[in-house]
Amino acid sequence: MHSPERRGAHTGAHTPGRMADWDLVRIFLEVARVGSFRAAAERLNMSANFLSKRISLLERSYKTTLMTRHVDGIRLTREGLQVLEAAKRMEEASFGLDCALNQATPALSGEVRIAVTEGLGTFWLAPRLVEFQRAYPGLLVDLKCEMRSADVLRLEADLAIQLEPPTQPDLKRLKLGRLHIMPFVSPSYVEIYGMPKDADDIRQNHRIVMQEAEQTKAQEMYEKYAGREQVGFVAMRNNVSTAHLWSIAKGAGIGWLPTYVPALGDPLIPLDIGVQFDLDIWLAYHPDAKKIARVRQLIDWTVQSFDGHKYPWFADEFIHPKDLQRAYKDAEPLVNLFAGFKKVSRPKVVRFPDRANGTQR
């Protein structure tokens, strides 16, 4: 038979003197902060119905209504506001506990988590993180490539690399470098539609490709320079950098990309039409993160990986794509640096004599 305490835990009843379930409190915090179950579900990658049930379980455990549901979101009750303040203190204590346990772990072993925009994560960091992991084989590197900014204060990542300046005052932030964005076109597109001459020619006679996602200026730049409806002019909209690059490389239309893309190996043509912009690259991390040896090492490595003196495509000053190889002091071809793979010659086919008929096979 189960003890009464065990039955109480199973039915969601709260035992006085026991700490609340942190998973339930964490969900309550997220819903309270963003103001709706739908928005919280997107951030936590869970269903809104699941979150609602978990909040109801928390409320039943304490026999208290913490929030009321409305068509435009939720509103905290007086008790809910009190719980919110206590939950924030639990969150801070949780981070302190995590730091203490991490410091007790042998140096440079364990898990490190990086959140980064999808393009920089795929094309730049992922190949180079192989070197980092080989230098520190005791580390598990968790790389999250997303266009939304991670919340490092709430431990979504140890550090975040983003294209928007961090706004939370408690965060440590550092400008890593700058992305220079300009229009590119593929040879296959030029064969069909001709070479674009200038911005007016593009608006009147060509098609473009857009990347619409958080941390990009696509809509802002479109409204500034396009001056026309998207239908009939925009050939494709993408929400991730890889699809955006492929659509341009395969000739779907003219698209805006970082100046380093020719180094990826695709024969893209940069267009000097006076329509370019830049995005600063920011590093954000918790103020206590550097107390953890493995995270401190990852932060130092990340800063070095975006050094504009060594990697000129991340420098503040604009360098044209055709000048990048000359500006890059290392003798290694840029395509190897970005892709992480060196061209390997195709192995020769060795033919062996067929003993049955004396021929080669």
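Any residue at all in the range 64-76 that is part of a helix (DSSP H, G or I) and either surrounded by 13 or more Cβ atoms within 10 Å (Cβ to Cβ) or modelled with pLDDT of 90 or more (or both)? Within the range 64-76 (the criterion being part of a helix (DSSP H, G or I) and either surrounded by 13 or more Cβ atoms within 10 Å (Cβ to Cβ) or modelled with pLDDT of 90 or more (or both)), the answer is no, since none of the residues qualifies. Per the conditions (1) modelled with pLDDT under 90; (2) more than 30 Å from ASP142 (Cβ to Cβ), the sole criterion not satisfied by ALA339 is (2). Among residues of the range 23-44 that are closer than 20 Å to THR77 by Cβ, those with a Cβ under 7 angstrom from a residue that is open to solvent by 10 Å² or more (accessible area, probe 1.4 Å) and aromatic (Phe, Trp, Tyr), sequence gap 6+ or separate chain, pair up as VAL31/PHE37. When the range 274-307 is filtered for residues that are open to solvent by 20 Å² or more (accessible area, probe 1.4 Å) and of a type in the set (Gly, Ala, Ser), the ones remaining, listed by number, are GLY274, ALA293.
Within the span defined as the range 169-192, one or more residues are closer than 27 Å to LYS291 by Cβ, without any contact (Cβ under 8 Å) to a residue 24 or more places away in the chain and open to solvent by 20 Å² or more (accessible area, probe 1.4 Å). Taking the range 116-145 as the search range and keeping residues that are part of a strand (DSSP E or B) and surrounded by 14 or more Cβ atoms within 10 Å (Cβ to Cβ), which one is farthest from the chain's Cα centre (by Cα)? Within the range 116-145, the match that is farthest from the chain's Cα centre (by Cα) is LEU139. If you check SER52, SER47 for being open to solvent by less than 40 Å² (accessible area, probe 1.4 Å) and modelled with pLDDT of 80 or more, only one passes: SER52. The residues in the range 228-253 that are crowded, with 23+ Cβ neighbours inside 10 Å and among the β-branched types (Val, Ile, Thr) can be counted, and the count is 1. Among the residues of the range 186-206, some residue qualifies, meaning at least one is touching a Lys or Arg at 6+ places or on another chain (Cβ under 7 Å) and basic (Lys, Arg). Residues of the range 208-225 that are crowded, with 18+ Cβ neighbours inside 10 Å and assigned to a loop (DSSP other than H, G, I, E, B): ALA213, THR216.
Regarding MET90, is this residue out of contact with any His (no Cβ under 7 Å at 6 or more places or on another chain), touching a residue at least 60 places away in the same chain (Cβ under 8 Å) and surrounded by fewer than 19 Cβ atoms within 10 Å (Cβ to Cβ)? Criteria met by MET90.
ARG203 meets each of the listed conditions (1) under 21 Å from the mean Cα position of the chain (by Cα); (2) open to solvent by less than 70 Å² (accessible area, probe 1.4 Å); (3) basic (Lys, Arg) apart from (1).
To keep it simple, each residue is scored yes or no on (1) touching a helix residue (DSSP H, G or I) at 6+ places or on another chain (Cβ under 7 Å); (2) in a helix (DSSP H, G or I).
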residue: GLU164; (1), (2): no, no
residue: LEU176; (1), (2): yes, no
residue: VAL190; (1), (2): no, yes
residue: PRO196; (1), (2): yes, no
residue: GLN204; (1), (2): no, yes
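The values are calculated or read from the model by the stated rules, or taken from the named source; none is laboratory data. All values reported here derive from a predicted model rather than from experimental measurement. Methodologically, a virtual Cβ is constructed for each residue, glycine included, from the backbone with ideal geometry; neighbour enumeration extends over all protein chains shown. Note: areas computed on protein heavy atoms with side chains; ligands, DNA, RNA excluded. Shrake-Rupley method; radii C 1.70, N 1.55, O 1.52, S 1.80 Å.
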